[in-house]
């Protein structure tokens with residue numbers, strides 16, 4: 001596709017932006033790893049210099065690896081060990097929502113056929129913070145939960161990850177102007193004195 005041209009030497013408007021990748025993990029056979037890795041790879045191939053917060057690739061030690069988490073969740077449910085499940089999930093929720101707080105925007109993978117709680121909580125938290133949320137809806141806008149149209153403008157709901165990568169590239173090169181939902185100040189934060 002056209003947007004996979006290298007932008008190695010060009011300065012982009014989204015350089016150093018931080019994006020949190022929301023989407024089902026509990027109901028995904030691979031814990032949601034594959035589509036996140038594929039999306040990040042497409043963004044890298046498009047020359048985007050964006051940082052991603054990926055809940056399947058832990059950056060803290062608050063909770064274990066996602067595969068270990070998944071096994072523990074299943075084990076605690078099987079044993080009806082609700083207290084241990086609660087303790088683990090409180091850490092996971094805290095960690096993931098903190099990453100949403102730190103992000104400049106959220107990209108959420110939504111499949112109406114796959115039940116998810118965390119993804120919607122992450123989207124709603126991001127929207128309460130008045131930050132940009134982009135939705136990739138499995139089956140396109142027609143299959144996107146109607147509720148989301150009352151929360152997120154339909155221009156930010158996409159049919160595929162390729163459409164979102166194309167949109168990010170256009171934002172990055174200035175073809176789509178940045179709006180007040182995307183406030184970027186990473187450079188300024190780095191320059192603050194200690």
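The values are calculated or read from the model by the stated rules, or taken from the named source; none is laboratory data. All values reported here derive from a predicted model rather than from experimental measurement. A quick note on method: Cβ atoms are made from the backbone with ideal geometry, for glycine too, and the neighbour counts reach across all protein chains shown.
Would the stretch 160-175 turn up any residue that is more than 21 Å from residue 41 (Cα to Cα) and more than 19 Å from the chain's Cα centre (by Cα)?
Yes - at least one qualifying residue is present in the stretch 160-175.
So residue 85 passes all but one of these: (1) without any contact (Cβ under 8 Å) to a residue 40 or more places away in the chain; (2) in contact with a helix residue (DSSP H, G or I) (Cβ under 6 Å, 6 or more places away or on another chain); (3) at positive phi; (4) surrounded by fewer than 18 Cβ atoms within 10 Å (Cβ to Cβ). Which condition number does it fail?
(3)
Out of 93, 114, which single residue is surrounded by fewer than 17 Cβ atoms within 10 Å (Cβ to Cβ) and assigned to a loop (DSSP other than H, G, I, E, B)?
Within the list 93, 114, the selection yields 114.
Checking residue 44 against (1) without any contact (Cβ under 8 Å) to a residue 24 or more places away in the chain; (2) more than 26 Å from residue 187 (Cβ to Cβ), which single condition isn't satisfied?
(2)
Filter the stretch 120-166 for residues that are assigned to a helix (DSSP H, G or I) and in contact with a strand residue (DSSP E or B) (Cβ under 7 Å, 6 or more places away or on another chain) and give the result.
Result: 122, 123, 126, 127, 141, 143, 148, 156, 161, 164.
What residue, of 51, 77, 90, 33, is under 14 Å from the mean Cα position of the chain (by Cα) and at pLDDT 90 or above?
51
Can you tell me which condition residue 107 does not meet? The list is (1) in contact with a helix residue (DSSP H, G or I) (Cβ under 8 Å, 6 or more places away or on another chain); (2) over 25 Å from residue 185 (Cα atoms), and all the others hold.
(2)
Does the stretch 117-153 hold any residues that are out of contact with any helix residue (DSSP H, G or I) (no Cβ under 9 Å at 6 or more places or on another chain) and crowded, with 22+ Cβ neighbours inside 10 Å, and which are they?
Answer for the stretch 117-153, where residues must be out of contact with any helix residue (DSSP H, G or I) (no Cβ under 9 Å at 6 or more places or on another chain) and crowded, with 22+ Cβ neighbours inside 10 Å: just 119.
Would you confirm, using the coordinates I've provided, whether residue 73 is more than 20 Å from residue 182 (Cα to Cα), buried (at least 18 other Cβ atoms within 10 Å of the Cβ) and touching a residue at least 24 places away in the same chain (Cβ under 8 Å)?
Answer is no for this residue.
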